[in-house]
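Q: Pasting a structure below so you can have a look.
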Amino acid sequence: MAKTSTTTQGLRAAIERSGYYPTLVAEAVEAAVGGEPITSYMVHQETTFDQNEVRRHVTVLVLTGNRFIVSHTDEQAADSTSPTPYATTSTESVKLGRISSVVVSRVVANPESYTVGTLPREVVLTIGWGAVSRLDLEPAACGDPNCDADHGYTGSSTADDLSLRVSEAGDGPETVRQTLAFAQAVSEATADPTR
């Protein structure tokens, strides 16, 4: 990554602010981005409680002129495979032309008095590119309540590549704003018919 770019410096600062193994996370993201200029980014840290353990997870999303890059880093406690705690970091690079859907769900309080520009209290960003899908099946039925014939199955397939939830209460208003800005940047980039 070019170290002179203001956007690149902002991404590095956001990774460092997350406080979650910033050197490891930044190195993985920089390797995935390579020399491409960054158009938009977001960093989201999530803490979960797993029985008696606290686990942290950080997701870094980066948009370049040609690609959408996803980085996930998780920490793990010592286990049978490692006598010491460890972290796993993965990156995925997706050509913008492969992105098939960008879904932004907003939760707003008091919708009857909503005004333009009011920040939602929660945002769920879902981006699909066909790498992972969820298939929900259920037995099919006909309208006859007395019918006992086997009608096969019916169901739906849902893109499940990335789903990220942020809230004003848990993540702060700036993270909600950043998520909305990133979602808009990805939507605009994927609307380009030349990609």
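Q: Once neighbouring chains are kept in place and the probe is 1.4 Å, which whole percent of the accessible area of the chain is contributed by carbon and sulfur?
A: On the way: 5640 of 11490 Å².
It is 49 percent, rounded to a whole number.
Q: Which order do 53, 16 take by accessible area at a 1.4 Å probe, largest first? Don't skip to the answer; put the middle values down first.
A: On the way: 53 70, 16 100 Å².
Listed by decreasing accessible area, they come as 16, 53.
Q: While we're on this one: Counting C-alpha atoms alone, how compact is the range 19-95: give Rg to one decimal and Dmax as a whole number, in angstrom.
A: 14.0, 43
Q: Find the accessible area per residue for the chain; the probe is 1.4 Å, ligands and nucleic acids are left out, and the unit is Å². Each step should come with its number before you reach the end.
A: Working: 11490 Å² over 195 residues.
On a per-residue basis, 59 Å².
Q: I've got another one for you. Using alpha carbons only, how many degrees (0 to 90, rounded to 10) separate the axis of helix 173-191 from the longest principal axis of the chain?
A: Compared with the principal axis, the helix lies near 70 degrees.
Q: Starting from the Cα of residue 116, step 7 Å along the direction of its Cβ; do the same at residue 151; then give the gap between the two resulting points in nm.
A: 4.7 nm
Q: Taking the alpha carbon gyration tensor of the range 42-84, what are the square roots of 5 times its eigenvalues, largest first, to the nearest whole Å? Before the final figure, lay out each step's value.
A: Details: eigenvalues 160, 35, 6 Å².
Square roots of five times the eigenvalues give 28, 13, 5 Å.
Q: Also, quick follow-up: If packing is taken as the average count of other Cβ atoms within 10 Å, what order do 18-27, 118-127 fall into, highest mean first? Walk me through the numbers on the way to the answer.
A: On the way: 18-27: 16.2, 118-127: 18.2.
So the peptides 18-27, 118-127, ranked by packing, come out 118-127, 18-27.
Q: HN-Hα J couplings of the range 108-117 from phi, Karplus 6.51/-1.76/1.60, θ = phi - 60°, integer Hz, Gly and Pro as x?
A: 10, 7, 6, x, 5, 10, 4, 10, 4, x
Q: A further question follows. I'd like the per residue volume of the convex hull spanned by the Cα atoms of the range 1-64, given in cubic angstrom.
A: In the range 1-64, the Cα convex hull volume per residue is 73 Å³.
Q: Given the DSSP H assignment, sum -39500 (n - 2.57) over each helix run of at least 4 residues in the chain and divide by its residue total; what's the result at 222 nm in deg cm²/dmol, nearest 500? All intermediate terms of the calculation are to be shown ahead of the outcome.
A: Numbers: 4 runs with 48 residues, N = 195.
About -7500 deg cm²/dmol.
Q: Using only the Cα atoms of the range 83-150, build the gyration tensor, take square roots of its eigenvalues as a ≥ b ≥ c, and label the shape rounded, prolate or oblate: rounded if a/c is under 1.5, else prolate if a/b is larger than b/c, else oblate.
A: Numbers: a/c = 2.11, a/b = 1.21, b/c = 1.74.
Taking the square roots of the gyration eigenvalues as a ≥ b ≥ c, the range 83-150 is oblate.
Q: Calculate the all-directions average of the projected area of the range 29-157's alpha-carbon convex hull, and give it in nm².
A: Working: hull surface 62.1 nm².
Taking a quarter of the hull surface, the average projection is 15.5 nm².
Q: Would you please give the residues with an amide H less than 5 Å from that of residue 101, counting only those at least 5 places away or on a separate chain, with H modeled from the backbone geometry?
A: 128
The values are calculated or read from the model by the stated rules, or taken from the named source; none is laboratory data. Worth saying up front: this structure is predicted, and the values here are computed from it rather than measured. Quick reminder, even Gly has a Cβ in these numbers, built from the backbone with ideal geometry, and neighbours come from all protein chains shown. Heads up: the accessible areas ignore ligands, DNA and RNA and are worked out on the full protein's heavy atoms, side chains in. Shrake-Rupley method; radii C 1.70, N 1.55, O 1.52, S 1.80 Å.
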